[in-house]
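What follows is a short report on a single structure.
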Amino acid sequence: MPSISPQEQQTAILIIRRDNIGDLLCTTPLISELRKRHPAARIDALVNSYNAPVLDQNPDLNHVYFYTKAKHRAAGETVPGVYWRRLMLMLSMRQAKYDQVYLASDGNIERQMKLARWLGAASVIGFKPASGEPPAGLSVQIARKESGHEVERCWALLAEFAGAETPGPMTLRPSVGQAQAIRQRLAALPWYNPEKPLLAIHISARKIPQRWPVASFVALMQGLHERFEAQFVLFWSPGDEENPLHPGDDRKAAAILEAAAGLPVLPYPTAQLAELTGGLSACQTMICSDGGAMHMGAALGLSIISFFGNSDAGRWFPWGVPHELLQKPSRDVTDISVDEALAAYEGLQARINR
């Protein structure tokens, strides 16, 4: 094995990505490459409490710092308490004395830049702003990519390295306990057959134009079972759809389960991302709308059929896995037919099996 210099052993790198779940997962190929290039360095990440669980089992990170946004605070938490804990977090990070800080968002990096300066980072790598002068202290200014997948946009931060390779897959690993939990539940079901396809059906979507109707999900599941003997795990975000902070799909799931009575379906509401990661890990293919859950499925290696509404499919398609995208000119997923979804599944399986 090549020797590791004392300087390399002392190198400390921080990646800041405080966006949504999909954005953070699209940063994991960059994190993996940094670990490959700095095998003995301390590599940490700063994220938020909402997306942090997707890094829980990440093998390329030494530590994950996360803070809570005021809008995501738990019941009983006060806004002053949230900000006090954030201050304590930043003080502990300052003691790490980072050599390099990567600002992985290509949006407004002014606030991230202020934090990097306050941390006393020796070098800060980030994207040039679309207009105006870059923030003071940006050591390495990378031209942002105007097109391509979000993984490739993050990967552009490696432009300082000569000969950076093509981005690899995203990284997401379930905990042993969560992976075992769904397998035990499946094994106890009288209808479960491990020789038949097990499909993840995820019905929740944050944006209204991304929400496929109940009747469409039911008809699709019936068609998939009749034609391919498919079995299903039905995933959704639990709760009431009228909850302004954390809307859920309990009523939608209940309607689907009632209409799909007689089909082999395991209901699997997931209040925590770790539950969703574990549940998806047992499936082979995922059918869902574009969103964080779709990127989780792709990061776990599932083949994907994705319904795209008003989001940019070229930037957010499932990275690194076989997939089929369905997007209509109306940019509303309700216009995607069941027949189109069935044909997409058939075409996807044909490509995988040839």
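The values are calculated or read from the model by the stated rules, or taken from the named source; none is laboratory data. It should be emphasised that the depicted structure is a prediction, and the values quoted were computed from it without experimental measurement. Cβ coordinates were reconstructed from backbone atoms using ideal geometry, including for glycine residues, and neighbour counts include every protein chain displayed. For accessibility, only protein heavy atoms count, side chains too; no ligands or nucleic acids. Shrake-Rupley method; radii C 1.70, N 1.55, O 1.52, S 1.80 Å.
Tabulated data for the structure shown
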| read-out | value |
| --- | --- |
| Residue with peak Gaussian network fluctuation, the chain [Cα springs, cutoff 10 Å], from His38, His323, His202 | His38 |
| Part-to-part distance (alpha-carbon centres) for segment 210-230 and segment 116-192, which is given in Å | 33 |
| Additional length obtainable on full extension of the chain from Ala343 to Asn62, 0.36 nm per residue less Cα span | 96.8 nm |
| Residue-averaged 222 nm ellipticity for the chain, from DSSP H runs of 4+ at -39500 (n - 2.57), nearest 500 | -10000 deg cm²/dmol |
| Most mobile listed residue (Ala130, Ala299, Ala230) in the chain, GNM with C-alpha springs under 10 Å | Ala130 |
| Integer Hz, Karplus 6.51/-1.76/1.60 couplings in order for segment 89-105, x for Gly and Pro | 4, 5, 5, 5, 5, 4, 6, 6, 6, 6, 7, 9, 10, 9, 8, 7, 7 |
| Karplus-derived HN-Hα couplings along segment 341-350 (A = 6.51, B = -1.76, C = 1.60, θ = phi - 60°), whole Hz, x at Gly and Pro | 5, 5, 5, 5, 5, 4, x, 5, 5, 5 |
| Those trypsin sites (Lys or Arg not before Pro) in segment 197-300 that DSSP places in a loop and that have at most 16 other beta carbons within 10 Å | Arg206, Lys207 |
| Segment 224-299 - percent of accessible surface contributed by carbon and sulfur, probe 1.4 Å | 50 |
| Nonlocal amide H pairs with Met286, under 5 Å, H built at 1.01 Å | Ala200, Ser303, Ile304, Ile305 |
| Distance between modelled label sites at Arg227 and Trp84, nm, 7 Å Cα→Cβ extension | 5.9 |
| FRET efficiency estimate (nearest 0.05) - Cβ-Cβ, Leu325 to Thr11, R0 41 angstrom | 0.55 |
| For q = 0.13 Å⁻¹, Debye-computed log10 I/I(0) when each Cα of the chain counts as one equal scatterer | -1.07 |
| Under 16 Å, Cα to Cα: Lys pairs in the chain, sequence gap 8 or more or different chains | 5 |
| Long-range amide H partners of Phe66 with built H, under 5 Å | Val47 |
| FRET efficiency for Glu165 and Arg144, using Cβ-Cβ distance with R0 set to 22 Å, rounded to 0.05 | 0.65 |
| Label zone at Asp312, where the point sits 7 Å out along the Cα-to-Cβ direction: segment 46-61 residues whose backbone N lies under 11 Å | none |
| On Cα atoms only, tilt of 214-228 relative to the major axis of the chain in degrees | 70 |
| Net dipole in debye of the chain [+1 Lys, Arg Cβ; -1 Asp, Glu Cβ; about Cα centre; nearest 20] | 1040 |
| Packing rank of 308-317, 39-48, where each peptide gets the mean count of other beta carbons within 10 Å, highest leading | 39-48, 308-317 |
| Given charges at Cβ of Lys, Arg, Asp, Glu: the chain dipole, positive-most of Leu302, Ala230, Met93 | Met93 |
| Å² of accessible area per residue within segment 143-236, as computed with a 1.4 Å probe and no ligands counted | 49 |
| Loop-exposed GluC sites (Glu not before Pro) per DSSP, neighbour cap 11 Cβ within 10 angstrom, longest uninterrupted part of the chain | 1-145 |
| Separation in nanometres of the label points that stand 7 Å from Cα toward Cβ, at Asp332 and Val176 | 5.0 |
| Segment 204-345, dipole about Cα centre (Lys/Arg Cβ +1, Asp/Glu Cβ -1), debye to the nearest 20 | 280 |
| For segment 280-354, accessible area per residue (1.4 Å probe, heavy atoms of protein chains only), Å² | 38 |
| Full-extension gain in nm, Arg206 to Leu257, via 0.36 nm per residue minus C-alpha separation | 16.3 nm |
